[in-house]
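Single-structure report; data block below.
The values are calculated or read from the model by the stated rules, or taken from the named source; none is laboratory data. It should be emphasised that the depicted structure is a prediction, and the values quoted were computed from it without experimental measurement. When we count neighbours, we look across all protein chains shown, and the Cβ atoms used for this are built from the backbone with ideal geometry, even at glycine. With ligands, DNA and RNA removed, areas are computed over all heavy atoms of the protein, side chains included. Shrake-Rupley method; radii C 1.70, N 1.55, O 1.52, S 1.80 Å.
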Amino acid sequence: MTDPAPPDLNVILYSPRIPQNVGSVARLCAAMRVRLHVVRPVPFPLDDRALRRAGMDYLDFLDWQVHVDWEACRAALLPESTVWLYTTRGTVPAHSAPIRPGDALLFGNESHGVPDAIHTAIGPARSLRLEMRDPRARSLNLAMSCAMGVYGALGGWGG
C-alpha cells in the first residue's frame with residue numbers, strides 16, 4: 001500500500017537477512033506512519049511466516065515499497081530527501097543529526113551493512129552512529145537500531 005502524500009520519514013532496509021527483523025521494523029513503521037523501503041536481494045519471501053508473525057496485522061496498513069536495487073530505491077525518494085546512513089562506521093552521533101521531514105534513514109543488513117560504494121556516496125557527514133556506553137558492544141539489533149533512529153528523528157520534530 002502506498003499513500004500518494006510524501007511520508008514524514010522513510011526507513012530503508014538494505015538487503016535484510018532476518019525475516020523477524022523486517023517484520024518488527026514493518027510494525028514500527030506502520031505504527032509511526034513511516035514509509036518502509038526494502039532493497040533486494042532479500043533471501044526469504046516477503047510473505048514469510050516469520051515476517052508476518054513479527055509484523056502481525058500491522059502489515060495490512062503498512063506503507064512500503066520493495067526495490068530491485070539501491071538505485072531504484074534512491075529514485076523512489078523525493079529529490080530533496082537526504083539519506084542518513086546508520087552504521088557502526090558512523091562519524092556523527094545520531095542524536096545530533098539535523099534529520100528533516102521527508103528524509104530517509106538507511107540501515108544495512110545484519111551481517112555486512114551496506115556496500116562500500118554506498119558508504120562513499122553518502123559520505124561521513126551523513127554517516128550516523130548510535131552511541132553505546134560499553135566499548136565492547138559492536139552493534140545493536142537491526143530492529144532496535146531502526147526504532148532508535150525513528151524515535152530520535154520524530155522526537156526532534158516534536159512528534
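Before moving on, here are some points about what is shown:
- Top positive-direction residue, dipole computed over the chain with Cβ charges, set 122, 82, 37: 122
- Relative contact order for the chain, counting Cα pairs under 8 Å that sit 6 or more residues apart, in percent: 27 percent
- Projecting the Cα atoms of 155, 64, 94 onto the charge dipole of the chain (Cβ charges, centred on the Cα centre) puts 94 farthest toward the positive pole.
- This model, with +1 at the C-beta of Lys and Arg and -1 at the C-beta of Asp and Glu, gives region 17-121 a dipole about its Cα centre of some 220 debye.
- Once backbone amide H atoms are built at 1.01 Å from N, residue 105 has 10, 11, 12, 84 as its partners under 5 Å, excluding neighbours fewer than 5 places away on the same chain.
- Normalised convex hull volume, region 115-159, alpha-carbon set, Å³ per residue: 114 Å³
- In this calculation the C-beta distance from residue 91 to residue 134 is compared with R0 = 25 Å, giving a FRET efficiency of 0.80.
- What you get for region 60-159, charging only the Cβ of Lys and Arg (+1) and of Asp and Glu (-1), is a dipole of about 460 debye around the Cα centre.
- For residue 113, the amide hydrogen comes within under 5 Å of no other amide hydrogen, counting only partners 5 or more places away or on other chains and with H modelled in the peptide plane.
- Considering helices alone, the calculated mean residue ellipticity of the chain at 222 nm is -9000 deg cm²/dmol, with DSSP H runs of length four and up weighted by -39500 (n - 2.57) and normalised per residue.
- Remark: region 100-159 carries 58 Å² of accessible area per residue (probe radius 1.4 Å; ligands, DNA and RNA excluded).
- Using a probe of 1.4 angstrom and keeping all protein chains present, the accessible surface of region 33-93 works out to 56 square angstrom per residue.
- Relative to its residue count, region 72-158 spans a Cα convex hull of 105 Å³ per residue.
- Accessible surface of region 1-139, 1.4 Å probe: 53 percent of it comes from carbon and sulfur atoms.
- Each of (1) 0.97; (2) 1.10; (3) 0.93 is a candidate for Rg/Rh (Cα atoms, Kirkwood Rh); the one calculated from this structure is (3).
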